[in-house]
Amino acid sequence: MGGWAIAVHGGAGVDPNLPKERQEEAKRLLTRCLDIGISALRSNLPAIDVVELVVRELETDPLFNSGRGSALTENGTVEMEASIMDGPKRRCGAVSGLTSVKNPVSLARLVMENSPHSYLGFSGAEEFAKKQGVEMVDNEYFITEDNVGMLKLAKEANSILFDYRIPTIGTCGAGAAMDSHLQMNGLPISVYAPETVGCVVVDKAGRCAAATSTGGLMNKMIGRIGDSPLIGSGTYASELCGVSCTGEGEAIIRSTLAREVSAVMEYKGLNLHEAVDYVIKHRLDEGKAGLIAVSKDGEVACGFNTTGMFRGCATEDGFMEVGVW
């Protein structure tokens, strides 16, 4: 065994004009989350516990697009989704359409552990949450002033707005959205920066786990489900590795990106770094995305074909890195 390793992400597709203060704020949050994960791993918590713990922290902070601070639907509400997977037995749980569950990733784990199913959505997931006694809050808790402003810009541009954190018309507002050459399923979208969150961990015993959580796209259609709760697309963990993806959800879904990392390790004999590089280069077609991954041997890797990705990683031998570009 190569010891424990952990990686976190706060989304791929960072705007080149992102203010320096915003970059530093993101780095501080990622560092705090890494510190939480490192402390838990040093205390011998299993990988599945650590990914849940870290993603809960990301969901609670409004900086990224998950939990509080989630992107708003076309109706100005929040519909959140998350998934979690435990590598050794490939157990998994996922949820979609949440409007009042404070920490979606924890409900995903309860689906995995306390239900006969792997995936619950919308009213069924909310009812299950109430029966499980998880913390519930009003939908308004998740809505921030920044997101209300960015939804307004998206509606003015008649666009799904990815880069919803930078309220500058010249950067990603109405004009930029209309002029964008990026497309999703053939439809125009704006500057690319979704900011989904995720965490992957391998513990001292070589057990891998992964978790991903998001509010989805700003101004998305009611009922839209992205890659984050889809096992094999946005999240995957096996006996070989754990993977969490972020980016253009429809492209990640088409390529089953997270599962591909494990598959090429298994079938092509690639190591983790080779596998991540391969799937980013050869499995995304024209899509834009990024991912973080760990292997059972204590390796950690990230890859993206966007301008940047909010990310951080650490290993038992003392290596630690937090980056944007």
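Readers should treat all values here as calculations from the given coordinates under stated rules, not as data from a laboratory. Model, not experiment: these values are computed from the prediction. All Cβ positions, even for glycine, are placed from backbone atoms using ideal geometry, and neighbour counts span all protein chains on display.
Spin-label point model (7 Å from Cα, Cβ direction): what's the K20 to N114 distance in nm?
Result for the modelled spin labels: 4.8 nm.
Please identify, among G121, G13, G249, the residue showing maximal mean-square fluctuation in a Gaussian network model of the chain using a 10 angstrom Cα cutoff.
Maximum fluctuation in the GNM of the chain, among the listed residues, is at G121.
Once phi is turned into θ = phi - 60°, what whole-Hz ³J(HN,Hα) does the Karplus curve with 6.51, -1.76 and 1.60 give for every residue of the stretch 243-249, x standing for Gly and Pro?
For the stretch 243-249, the Karplus-derived couplings read 9, 10, 10, 8, x, 6, x Hz, x marking Gly and Pro.
Label points 7 Å out from Cα along the Cβ direction at N75 and E239: separation in nm?
Result for the modelled spin labels: 4.6 nm.
Helix-derived [θ] at 222 nm for the chain: sum -39500 (n - 2.57) over DSSP H runs of at least 4, divide by residue count, nearest 500?
-10500 deg cm²/dmol
Which whole-number percentage describes the relative contact order of the stretch 1-84, with Cα contacts under 8 Å and a sequence gap of 6 or more?
It rounds to 20 percent for the stretch 1-84.
Express in % the proportion of alpha carbon pairs of the stretch 1-52 at distances exceeding 18 Å.
Result for the distance tail: 42 percent.
What number, in percent, do you get for the relative contact order of the chain if the mean sequence gap of Cα pairs under 8 Å and at least 6 apart is divided by its residue count?
26 percent
Computed over the Cα atoms of the stretch 259-298, what is the ratio Rg over Rh, Rh following Kirkwood?
When Rh is taken as the Kirkwood radius, the ratio is 0.96.
Once phi is turned into ³J(HN,Hα) by the Karplus curve 6.51 cos²θ - 1.76 cosθ + 1.60 with θ = phi - 60°, what whole-Hz value does each residue of the stretch 59-67 show in order, with x for glycine and proline?
5, 7, 7, x, 5, 9, 8, 6, x
Mind pulling the angle between the C-alpha long axis of helix 122-132 and the longest principal axis of the chain? Nearest 10 degrees, somewhere in 0 to 90.
50 degrees
Helix 20-42 versus the longest principal axis of the chain: what angle, 0 to 90°, nearest 10, using Cα atoms?
So the inclination is approximately 30 degrees.
Relative contact order, percent, of the stretch 232-325 when contacts are C-alpha pairs under 8 Å separated by at least 6 residues?
Computed over the stretch 232-325, the figure is 24 percent.
Taking only pairs that are 8 or more places apart or on different chains, how many Lys pairs in the chain have Cα atoms under 25 angstrom apart?
Qualifying lysine pairs in the chain: 21.
At R0 = 30 Å, how high is the FRET efficiency between D317 and E266 if r is their beta carbon distance? Nearest 0.05 is fine.
Efficiency at R0 = 30 Å is approximately 0.70.
Just to check I understand the Karplus step: with θ = phi - 60° and J = 6.51 cos²θ - 1.76 cosθ + 1.60, what whole-Hz values come out for the stretch 77-87, glycine and proline as x?
Listing the rounded values in order: 10, 10, 10, 9, 8, 7, 8, 8, 8, 9, x Hz.
Angle check, please: helix 272-282 long axis (alpha carbons) against the longest principal axis of the chain (alpha carbons), in degrees 0 to 90, nearest 10.
For helix 272-282, the angle is close to 30 degrees.
Which residue, chosen from V111, N44, G76, occupies the Cα position most advanced towards the positive end of the dipole of the stretch 41-113, where the dipole is computed from +1 (Lys, Arg) and -1 (Asp, Glu) charges on Cβ about the Cα centre?
The Cα lying farthest towards the positive end belongs to N44.
In the chain, what is the volume of the convex hull around the alpha carbon atoms, normalised per residue and reported in Å³?
111 Å³
Under a point spin-label approximation (7 Å from Cα along Cα-to-Cβ), what is the N44-K131 distance to one decimal in nm?
Here the answer is 3.6 nm between the modelled labels.
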